[in-house]
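One structure is given below, encoded as C-alpha cells.
Readers should treat all values here as calculations from the given coordinates under stated rules, not as data from a laboratory. A quick note: this is a predicted structure, and the numbers were derived from the prediction, not measured. Ideal geometry is used to build each Cβ from the backbone, glycine not excepted, and the neighbour counts take in all protein chains shown.
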Amino acid sequence: TTEIYTLSLHDALPIYAYRKLNSTGSAKEEGIRIELLRDVRAIFNTVRAKKLASAVLVHELVKLEGQPWAEFEGRRAISTHKVAYLLHGFGINPRTIRFGGSTAKGYDRADFEDIFERFLPQTMMPQL
C-alpha cells in the first residue's frame, strides 16, 4: 500500500531548512548558519528585545568577541544582506517592523522561536 503523509508548515520547516542548507552551500556554510542562529538568540536574550532592526543586529554581531562577524570571510564586517541570506536558509527573512514612530527592516523574535527550538538544543543556551 502507498501511504500519503501531509506535513504542516510546523513539521515541514526543519525539512525545508535542512534541504536548503544542504543544497545551497557547503558544510562550512551550514556551520556558519547555525553559529549565526546561536548568536542571534544570544543577542535577543542579552538586549531583551522582541524586535531588532537589521542594522542593530549586525552591530551587535560585530561586537561579539571570538566570532567571525567582524571580519567575515576574511574581509570586512558581515552585512545586513549576508545575514538575511544566511537566515533565509531557515525560512527567516527580514521584514518591515515598526519601532516607535519609524520603520526599518528587521527581525521579530517570534519568527525565530520555533527555529531556535528545533536547531539549537537546550544545552546550547547561553548562561545569563
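When you check Val47 against the structure, is it more than 22 Å from Glu29 (Cα to Cα) and not small (Gly, Ala, Ser), yes or no? Step through it out loud before you land on a result.
On the way: more than 22 Å from Glu29 (Cα to Cα): yes; not small (Gly, Ala, Ser): yes.
Answer is yes for this residue.
Taking each residue of the range 55-70 that is among the acidic types (Asp, Glu) and looking for partners that are in a helix (DSSP H, G or I) with beta-carbon atoms closer than 6 Å, six or more apart or interchain, yields Glu60/Ile43.
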